[in-house]
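Below is one structure; the comments refer to it alone.
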Amino acid sequence: MNVQLLVIDPQNDFCDIPGAALPVPGADADLQRLARFVEAHAAALSGLTVTLDSHATVAVERTTFWLDGGGAAVAPFSFITAEQVRAGAFRPRDAGLTDAVLTMLERLASRGRPGLVVWPVHCVTGTWGHNIHGGLATALAAWEFGHQRAVRKVLKGEYPLTEHFGVFEADAPDPALASTQFNTALAAALSEGVDLLLIAGQASSHCVAASFDQLTAYLDRRPSRPRMVLLRDCMSPVPGFEPLAEALFARARAAGAELMTAAEAGELLR
């Protein structure tokens with residue numbers, strides 16, 4: 001049986017541990033549980049894919065990029081729309097990027113997203129916060145040794161002028177930039193010839209949800225799909241966004257995916 005495990009953004013900055021920039025309550029326990037799952041079922045896992053939220057210090061979805069109309073720093077979790085930028089309520093610190101930002105926000109709105117959330121600076125590439133949770137990293141290394149091949153690691157979010165919640169494409173893809181467009185090769189690798197796709201990671205309200213939706217839209221155009229299972233005790237929502245996680249679970253069930261604990265999923269691999 002071809003079993004693939006997709007782990008979304010299991011990074012220090014998302015864990016509820018000292019030093020994390022954007023801690024998600026429960027994430028540390030989630031990833032410890034996932035590490036034990038990988039260790040216990042390493043032989044049955046045909047392939048592992050880990051996505052890594054990967055940003056510069058300054059990017060459009062973070063506080064370092066914006067000022068308010070009075071020239072003050074913008075607070076984390078502010079919500080910014082194209083209309084507000086045009087009205088002068090918010091502006092890029094680099095005024096030369098205003099037109100590009102408006103184009104991105106308009107593209108985002110055309111895809112059903114009226115604006116963007118401004119996040120604390122997190123997952124800066126190369127920093128401790130960007131690193132994989134230590135317990136899970138140890139389990140991944142053991143899997144690589146046992147299988148004598150690498151875990152696939154996929155960086156997302158490197159282009160600074162769009163959000164990139166889902167691993168398969170940016171929230172507002174730029175037609176001129178392949179890195180923001182749909183990653184068909186990755187979607188195919190996680191679905192074609194795959195019997196079971198397990199999904200875990202952080203956060204269920206955002207990057208897991210976006211990745212699941214993007215993959216499901218791709219699979220809706222394909223003749224077949226793998227059995228998909230969300231490991232519900234290996235993911236948690238960003239505080240204040242819990243309804244988005246519940247909405248993901250409802251969409252997953254409607255799409256034919258299953259919700260299981262790691263223990264329940266482990267029974268499928270015995």
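Out of the residues in the range 176-229 that are part of a strand (DSSP E or B) and open to solvent by less than 60 Å² (accessible area, probe 1.4 Å), which is farthest from residue 245 (Cα to Cα)? Result: 196. Within the range 84-134, being aromatic (Phe, Trp, Tyr) and either open to solvent by 50 Å² or more (accessible area, probe 1.4 Å) or modelled with pLDDT under 95 (or both) holds for one residue alone: 128. The residue of the range 54-70 that is nearest to residue 202 (Cα to Cα), among those that are open to solvent by 10 Å² or more (accessible area, probe 1.4 Å) and touching a helix residue (DSSP H, G or I) at 6+ places or on another chain (Cβ under 7 Å), is 57.
Suppose we keep only residues that are open to solvent by 10 Å² or more (accessible area, probe 1.4 Å) and outside any helix (DSSP H, G or I) within the range 26-46. Which one would you say is nearest to residue 116 (Cα to Cα)? This residue is 26.
Considering 109, 141, the condition of being without any contact (Cβ under 8 Å) to a residue 60 or more places away in the chain, within 23 Å of the chain's Cα centre (by Cα), in a helix (DSSP H, G or I) and within 30 Å of residue 70 (Cβ to Cβ) is satisfied by 109 alone.
Report, by residue number, each residue of the range 230-270 that is within 30 Å of residue 117 (Cα to Cα), of a type outside the set (Gly, Ala, Ser), part of a helix (DSSP H, G or I) and free of Cβ contacts under 8 Å to residues at least 60 places away in the same chain. Correct list: 232, 242, 243, 244, 246, 248, 249, 251, 253.
The values are calculated or read from the model by the stated rules, or taken from the named source; none is laboratory data. The structure displayed is predicted, hence computed values, not measured ones. Neighbour counts are summed over all protein chains in view; Cβ atoms, including those assigned to glycine, are modelled from backbone coordinates with ideal geometry. The protein model used for the area step is the full one, side chains on, heavy atoms only, and it has no ligands, DNA or RNA in it. Shrake-Rupley method; radii C 1.70, N 1.55, O 1.52, S 1.80 Å.
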